[in-house]
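The values are calculated or read from the model by the stated rules, or taken from the named source; none is laboratory data. The model shown is predicted, which means the values in this text are computed figures rather than measured ones. Backbone-built Cβ (ideal geometry, glycine too); neighbour counts: all protein chains shown. Just so you know, the surface numbers come from the protein's heavy atoms only, side chains and all, with ligands and any DNA or RNA stripped out. Shrake-Rupley method; radii C 1.70, N 1.55, O 1.52, S 1.80 Å.
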Amino acid sequence: MHQTDLLNADEALKENEEVAVLTSGISMEPMLRQHRDIVIIKRVNGRLKKNDVPLYRRAGCDRFVLHRILKVTSDGYVIRGDNLYTKEYDVKDGDIIGVLKAFYRDGKYYDCEKSRKYKTYVFFMRVSYPLRYIWKFKLRPFLGKVKRFILRQKSGKT
């Protein structure tokens, strides 16, 4: 297995069946932690499926991204990072250079096809998304406004 970084993963996968890459970015937290976890990316053979995590080149730039497939369409994929709230609709098969096979977290190996912990994590991330969205964009801002209102009322009375 070849160890590389995301910028060289494309070239490394042309010569190797799989590569090890140190993570960068926070879009896949809490599963993958920035500069702490190592992912194993393998070459893609055929179409990917829902919940796969492809490494792909973002359209219009040279950046590589590792996000989860939410939906497979006839001409591509709908993708989103576990720690993000916006979807990408324009990811095509030609943009994908590899797919997450496994990862190392605190020295422990997690196989994305066999690990029950990983599959449980994926399930809970998918079903908890509506609640996480409501918390981040509706409830938390509302509670912040209430708190600021109460603090203004207290400071105005004393």
- prompt: Among Asp111, Asp37, Asp75, which one shows the biggest mean-square fluctuation in a GNM of the chain, springs joining Cα atoms closer than 10 Å?
  reply: Asp75
query: Considering the chain as a Gaussian network with a 10 Å cut-off on Cα pairs, which listed residue, Leu139, Leu48, Leu32, attains the greatest mean-square fluctuation?
result: Leu139
field: Two-decimal Rg/Rh across the chain, once Rg and the Kirkwood Rh are taken from alpha-carbon atoms
entry: 1.11
Estimated FRET transfer efficiency when R0 is 30 angstrom, pair Trp135-Arg57 (beta carbons, to 0.05): 0.40
- prompt: Hey, what's region 12-158 come to in accessible area per residue, 1.4 Å probe, Å²?
  reply: 63
message: Give me the net charge for the shell around Thr73: Cβ to Cβ below 13 angstrom, other residues only, Lys and Arg +1, Asp and Glu -1.
response: +2
- prompt: Leaving out ligands, DNA and RNA, what percent of the accessible area of the chain is carbon and sulfur, probe 1.4 Å?
  reply: 55
task: Report ³J(HN,Hα) in whole Hz for each residue of region 85-101, in order, from the Karplus equation J = 6.51 cos²θ - 1.76 cosθ + 1.60 where θ = phi - 60°; Gly and Pro get x.
output: 10, 10, 9, 10, 10, 10, 8, 9, 4, x, 7, 8, 10, x, 9, 5, 9
query: About its Cα centre, what dipole magnitude does the chain give when the only charges are +1 on Lys and Arg Cβ and -1 on Asp and Glu Cβ, stated in debye to the nearest 20?
result: 1620
task: Work from the charge dipole of region 1-84 (Cβ charges, +1 for Lys and Arg, -1 for Asp and Glu, about the Cα centre) and give the residue of Asn16, Ile26, Gly76 farthest towards its positive end.
output: Gly76
message: Run the simple label-point estimate for Tyr89 and Lys50 please: 7 Å along Cα→C-beta, distance reported in nm.
response: 1.9
message: From the phi angles alone, apply the Karplus equation (6.51, -1.76, 1.60; θ = phi - 60°) to region 27-44 and give each ³J(HN,Hα) in whole Hz, x where the residue is Gly or Pro.
response: 5, 10, 5, x, 5, 10, 9, 4, 6, 10, 10, 10, 9, 9, 9, 10, 4, 8
Sequence-distant lysines (8 or more away, or on other chains) whose Cα lies within less than 16 Å of Lys154: Lys145
task: Determine the calculated [θ] at 222 nm for the chain from helices alone, applying -39500 (n - 2.57) to every DSSP H run no shorter than 4 residues and normalising by the residue count; nearest 500 deg cm²/dmol.
output: -10000 deg cm²/dmol
